[in-house]
Amino acid sequence: MSKLITFAVPCYNSAAYMDHCIQTLLTGGEDIEIILVDDGSTKDDTPAICDRYAAEYPDIVRAIHQENGGHGEGVNQGLRNARGLYYKVVDSDDWLDEDALGKALDKLREFAAMEQPVDLFIANYVYEHVEDNTQKVMRYTNVFPQNRIFTWNEIGRFRPSQYLLMHSVIYRTQMLRDCHLELPKHTFYVDNIFVYQPLPSVKSIYYMDIDLYRYFIGRADQSVNEKVMVTRVDQQVRVTKLMIESHAITGLYYTQRKLAQYMVNYLSMMMTISSIFLIIDGSPEALGKKTELWEFLRANNPKLYHKLKYRSLSMVSNIPGYQGRKLSVRLYRLARKIYKFN
């Protein structure tokens, strides 16, 4: 590895906002690598902007142009070509806080000098809500020890709205390659796989209470917009099934109980969201897909099926009858309003 960290920036028709993202990353200096993955952009100057940065900063920036494969293939392409000891994905409409980035890089340099560098570095992220110009910081001070390296056995309890997202994680690059992470093409919501599949391979963790990642949210065309999610619910279901198949979570309880509990809760959240948006669709076909998703879980892991359907957050999406489905949607929208997660 010739760089401390690789920042992969998947870009698809991103000309209107990618400059801000890239400029914040460039403050990391010569230690960093930025891979701009142009995912078959055709509607604006994204390809030319990628090439301009690569020409202007040849020791830092590389531009890769690929046929359109979706966000996941952009992440895959970055990982295949990364020369950094660490790997982080930054979406082209988001950005990093420059002061926090400096602190994070200083800590990663310490890890790089170790015989066995830390597998996972975690920092806070900030929701930047465009509709009302407000911010919400998602931090983990209640979950993780600070100022020391730790393992999954030492973590605390996550709150219901508190999960590790792509925004909060920096992985050791070789660890990701060793666990054979590859995200599906032409599929939204694959960031959930990115922060789920590798976790059992993580043996050492460090958390820093800094607000590093700025997550711009609230555009009408974003994949997490409710109306958009209804139209793409099949992709949400696909990702959830891939997560179900990726690990026999119940077996983890014998070796890494706290990690297993976290992963069960994350999968419960995914089952709930998939179910809720199939309910919002409301068509007989969609309701049939909801039943099929739960049967898929039962076939893969009967114990986990019973745990999620009857003793977890997912109970909210399984209230019987028409009125029960209406209540499920109301509860979801109330939670969204309180926690402002999209």
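When residues in the range 239-273 are screened for being free of Cβ contacts under 8 Å to residues at least 24 places away in the same chain and aliphatic (A, V, I, L, M), 1 of them pass. When the residues of the range 279-325 are filtered to those that are among the basic types (Lys, Arg) and surrounded by 13 or more Cβ atoms within 10 Å (Cβ to Cβ), the one that is modelled with the lowest pLDDT is Arg325.
Only one residue in Asp51, Asp99, Asp91, Asp19 is among the charged types (D, E, K, R) and not in a helix (DSSP H, G or I), so which one is that?
One residue alone meets the criteria, Asp91.
Of the residues Gly102, Gly72, the single one that is farther than 18 Å from Tyr171 by Cβ and either of a type outside the set (Lys, Arg) or at pLDDT 95 or above (or both) is Gly102. When Ala248 is tested against the conditions (1) at pLDDT 95 or above; (2) of a type in the set (Gly, Ala, Ser); (3) open to solvent by 40 Å² or more (accessible area, probe 1.4 Å), the lone failure is (1).
To keep it simple, each residue is scored yes or no on (1) of a type in the set (Val, Ile, Thr); (2) more than 16 Å from Ser2 (Cα to Cα); (3) surrounded by fewer than 22 Cβ atoms within 10 Å (Cβ to Cβ).
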| position | (1), (2), (3) |
| --- | --- |
| Ser92 | no, yes, no |
| Val118 | yes, yes, no |
| Asp132 | no, yes, yes |
| Gln135 | no, yes, yes |
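Return yes when Gly84 is under 24 Å from Tyr215 (Cβ atoms), in contact with a His (Cβ under 8 Å, 6 or more places away or on another chain) and open to solvent by less than 10 Å² (accessible area, probe 1.4 Å) and no when it is not. Here the answer is no, as Gly84 does not meet what is asked.
Scanning the range 67-81 for residues that are touching a Phe, Trp or Tyr at 6+ places or on another chain (Cβ under 9 Å) and in a loop (DSSP other than H, G, I, E, B), we see that the one that is most open to solvent (accessible area, probe 1.4 Å) is Asn68. In the condition set (1) outside any strand (DSSP E or B); (2) touching a Gly at 6+ places or on another chain (Cβ under 9 Å); (3) under 17 Å from Leu101 (Cβ atoms), Ile35 is compliant with all but (1). Among the residues that make up the range 261-272, is at least one of them outside any helix (DSSP H, G or I) and surrounded by fewer than 22 Cβ atoms within 10 Å (Cβ to Cβ)? No, the range 261-272 contains no residue that is outside any helix (DSSP H, G or I) and surrounded by fewer than 22 Cβ atoms within 10 Å (Cβ to Cβ). Any residue in the range 139-157 that is within 16 Å of the chain's Cα centre (by Cα), farther than 23 Å from Thr255 by Cα and either open to solvent by 50 Å² or more (accessible area, probe 1.4 Å) or modelled with pLDDT under 95 (or both)? Taking every residue of the range 139-157 in turn, at least one turns out to be within 16 Å of the chain's Cα centre (by Cα), farther than 23 Å from Thr255 by Cα and either open to solvent by 50 Å² or more (accessible area, probe 1.4 Å) or modelled with pLDDT under 95 (or both). On inspection, Arg52 does not qualify as over 21 Å from the mean Cα position of the chain (by Cα) and closer than 17 Å to Thr173 by Cβ. Taking the listed residues Val233, Val228, Val195, the one that is crowded, with 20+ Cβ neighbours inside 10 Å and on the phi < 0 side of the Ramachandran plot is Val233, with no other qualifying.
Counting just the residues of the range 163-180 that are of a type in the set (A, V, I, L, M) and buried (at least 19 other Cβ atoms within 10 Å of the Cβ), which one comes out nearest to Lys3 (Cα to Cα)?
Top of the filtered list is Ile170.
Summed over the range 1-59, residues that are out of contact with any strand residue (DSSP E or B) (no Cβ under 7 Å at 6 or more places or on another chain), open to solvent by less than 80 Å² (accessible area, probe 1.4 Å) and not hydrophobic (A, V, I, L, M, F, W, C) total 9.
The values are calculated or read from the model by the stated rules, or taken from the named source; none is laboratory data. Because the structure is a prediction, the values reported are computed rather than measured. So basically every Cβ, Gly included, is an ideal-geometry build from the backbone, and we count neighbours across all protein chains shown. Keep in mind that these areas ignore ligands, DNA and RNA; they rest on the heavy atoms of the full protein, side chains included. Shrake-Rupley method; radii C 1.70, N 1.55, O 1.52, S 1.80 Å.
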